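Inspection log for the structure reproduced underneath, given as structure tokens.
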DNA sequence: GTTAGCACTCTCATTAAATGAGTGCTAACG
DNA sequence: CGTTAGCACTCATTTAATGAGAGTGCTAAC
């Protein structure tokens with residue numbers, strides 16, 4: 001963090017350099033800047049200022065006779081200024097229009113909803129869309145169903161309030177009739193319908209303690225059967241769409257950088273961890289380059305926002321692109337997407 | 001198709017060139033070949049033979065002073081010879097060992113099974129694994145379930161004999177109690193359990209004609225509700241894994257070729273069509289380069305095999321890699337994978 | 001403090017020459 | 001007549017040299 005705040009003119013130049021570089025991907029020189037932004041000061045002065053900015057660490061030089069490009073610190077300054085000024089510049093960006101067209105109002109099951117929104121994030125931004133699913137702890141138990149496929153092999157289907165159906169195939173030695181299975185399911189459903197998943201385990205234990213009668217044996221089995229599915233659904237899931245968009249970014253024309261990116265996405269748990277960390281900071285979060293800890297993501301930036309379900313923060317969505325990214329637009333997009341998703345979830 | 005069959009020595013040279021090129025990816029010259037395969041004839045003679053092979057269209061020259069590389073016709077010859085000689089060379093390839101280690105015998109639902117096998121195909125071959133799901137027509141109706149999530153919003157879950165559960169969220173104006181829904185489902189289940197999907201539609205029509213009584217209205221609704229899911233499940237699905245492996249292939253170091261490949265995979269229907277065509281030809285099928293009609297796949301080869309469910313061909317699996325591919329190994333792998341999958345499906 | 005001028009630096013594209021792998025051809029050999 | 005050695009030739013690739021262009025940094029003047 002620099003001790004001296006930049007004077008207004010320096011800020012102007014810095015922002016100009018960055019926004020110019022964002023659009024062209026070429027190092028920007030003093031003359032270019034002067035012409036493009038019709039600066040009142042001459043290129044020579046601009047050069048002096050840029051030299052100062054470089055000394056302070058906001059800009060860098062690929063080589064002596066090239067223009068300047070922003071450092072991560074430069075981007076950070078730019079983005080911070082952007083988010084501060086955000087409220088006033090709240091004009092309706094074209095990306096937002098596009099996104100609002102996406103949601104036609106028809107209801108989808110949650111899986112399709114997330115996937116489709118994730119696609120949309122990617123398509124509009126031309127980068128990579130990511131969404132983490134809600135922490136399933138906040139999810140409401142709706143229904144469980146056991147189906148006997150063949151001897152000793154059962155399909156367990158678990159449905160949550162918002163229409164997520166999880167299925168799992170299990171094998172047990174015990175042989176149940178479909179009738180018994182239905183009875184087991186009914187017992188669970190009657191008692192657990194409408195409970196948040198956090199409560200379900202507790203409730204199950206209560207149930208088992210209460211009922212000392214004939215049902216008890218069946219109930220135990222039912223619990224055992226459903227265990228796998230319930231555990232499974234507790235895991236949070238990551239949606240990623242549009243990796244291939246990175247192929248179009250000039251900064252990844254180098255095949256090795258390309259590989260690094262794709263490799264980074266193979267290890268999804270890193271990404272999940274990063275996104276989950278954002279859950280605590282409500283609103284928009286931005287990670288520039290090496291601020292994403294994963295080394296392979298050092299050429300990428302991540303813009304995230306948290307979304308809510310019935311006014312409680314449950315998940316994160318965002319866009320991943322190159323560090324050189326039109327932050328302003330992406331921020332609008334991500335912010336709006338989060339708002340939209342929150343509305344959709346809360347309506348359901 | 002060449003009128004004159006190649007004499008033995010020419011075949012030897014041709015196969016040597018191809019197998020050498022497959023391992024090194026470099027054009028192979030006469031001297032190299034002579035040394036590597038300890039040929040009894042001199043490099044000069046090899047040159048003469050290669051010139052002949054070139055004239056016949058089996059080999060080609062990137063430029064005058066480079067070695068030879070196979071043409072598609074060359075590969076075709078090589079592969080045909082390979083498959084003919086296959087039976088005798090049926091030694092246990094290391095890939096097969098790896099694959100047999102994969103299947104631990106535990107049962108999975110079909111979706112996980114396909115996905116996991118597809119991953120395995122990709123991981124072992126280091127190329128791209130593909131599987132088309134069975135034509136769902138051959139699939140057995142097991143169970144349908146309607147769940148009311150909230151007013152006018154229902155989740156339809158459809159389960160097939162082999163444990164595929166399809167779900168769909170639908171909205172209708174009609175308001176049903178859960179009891180009514182169960183009744184509807186029971187009606188369908190009682191009548192359709194065990195029927196192949198091809199029969200289901202017919203059967204439904206019969207049912208509706210038969211029952212003129214009170215159930216009829218409910219049944220009609222049930223059919224309407226289930227329509228979406230039944231249509232959905234009729235679509236065959238494509239599993240693709242390991243696209244990123246292509247990043248390691250030297251022939252795709254060029255970023256544009258890379259893009260072409262990835263684009264090709266965005267249009268999955270082409271691939272599905274191609275794979276479905278193989279359903280008619282039982283056993284292993286190989287498409288070399290432009291033999292895959294899609295122009296973007298012209299630098300790739302596809303090795304497929306059909307697999308069976310209870311002795312009836314139901315789907316195709318395969319591996320996609322560069323044209324320069326160790327066909328022998330890949331063929332073994334694909335062949336064995338198909339056999340294995342057939343066994344697994346038939347056991348269930 | 002700002003600006004104009006100018007020498008200087010470094011990249012990138014182009015050209016030229018050197019290198020070398022591998023062929024094609026020819027003539028000799030068994 | 002098939003096979004081989006020898007040799008000139010071709011063409012991609014590498015290395016070096018050159019020049020243009022962009023942009024800076026410095027200095028001196030305003």
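We did not get these values from a lab; they are worked out from the coordinates using the rules stated. The model shown is predicted, which means the values in this text are computed figures rather than measured ones. No Cβ is skipped: glycine too gets one built from the backbone with ideal geometry, and neighbour counts run over all protein chains shown.
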Candidates A:302, A:271, A:169, ranked by Gaussian network fluctuation over chain A, Cα under 10 Å, top entry: A:169
How tilted is helix B:178-192 with respect to the longest principal axis of chain B? Cα atoms for both, answer in degrees (0 to 90, nearest 10). 60 degrees
Using the 10 angstrom Cβ neighbour count as an exposure proxy, how do B:298, A:31 rank, fewest first? A:31, B:298
Enter the mean number of other protein chain beta carbons within 10 Å of the beta carbon of each residue in B:249-255, as an integer. 1
Additional length obtainable on full extension of the chain from residue A:290 to residue A:171, 0.36 nm per residue less Cα span: 38.2 nm
Let me see the P(r) profile for the stretch B:139-234: every Cα-Cα distance counted, bins of 5 Å, each bin given as a percent of all pairs. 3, 14, 27, 27, 19, 10, 2
For chain B, the fraction of alpha-carbon pairs in successive 10 Å shells from zero, as %: 5, 21, 24, 20, 13, 8, 5, 3, 1, 0
If contacts are Cα pairs under 8 angstrom and at least 6 residues apart, what is the relative contact order of chain B in percent? 17 percent
Could you work out the mean count of beta carbons from other protein chains within 10 Å of each residue's beta carbon in A:281-289? 0
On a 0 to 90 degree scale, rounded to 10, what angle separates helix A:8-24 from the longest Cα axis of chain A? 70 degrees
With Cα springs under 10 Å, the Gaussian network model of chain A assigns the largest mean-square fluctuation among A:331, A:255, A:288 to A:255
Selected from B:85, B:185, B:93 as most flexible by GNM, with chain B as the system and alpha-carbon contacts under 10 Å: B:85
How big is the equivalent ellipsoid of the stretch B:240-348 along its three axes, where each semi-axis is √(5λ) from the Cα gyration tensor, reported in whole Å from largest to smallest? 26, 14, 12
What is the distance in Å between the Cα centroid of the stretch A:305-338 and that of the stretch A:140-164? 34 Å
When you count, for each residue, the other Cβ atoms within 10 Å and take the mean per peptide, how do A:95-103, A:115-123 rank with the highest first? A:115-123, A:95-103
Quote the relative contact order of the stretch A:8-86 in percent (integer), defining contacts as alpha-carbon pairs under 8 Å separated by 6+ residues. 33 percent
Other chains near B:152-163: what is the mean number of their Cβ atoms within 10 Å of each residue's Cβ? 4
Kindly provide the helix-only [θ] at 222 nm of the protein assembly as shown, computed as the sum of -39,500 (n - 2.57) over DSSP H runs of four or more divided by all residues, to the nearest 500 deg cm²/dmol? -15500 deg cm²/dmol
May I ask for the angle, rounded to the nearest 10°, between helix B:268-277 and the longest principal axis of chain B, with both axes built from Cα atoms and the value confined to 0 to 90°? 80 degrees
Computed over all unlike Cα pairs, the Kirkwood hydrodynamic radius of the protein assembly as shown in Å stands at 29.6 Å
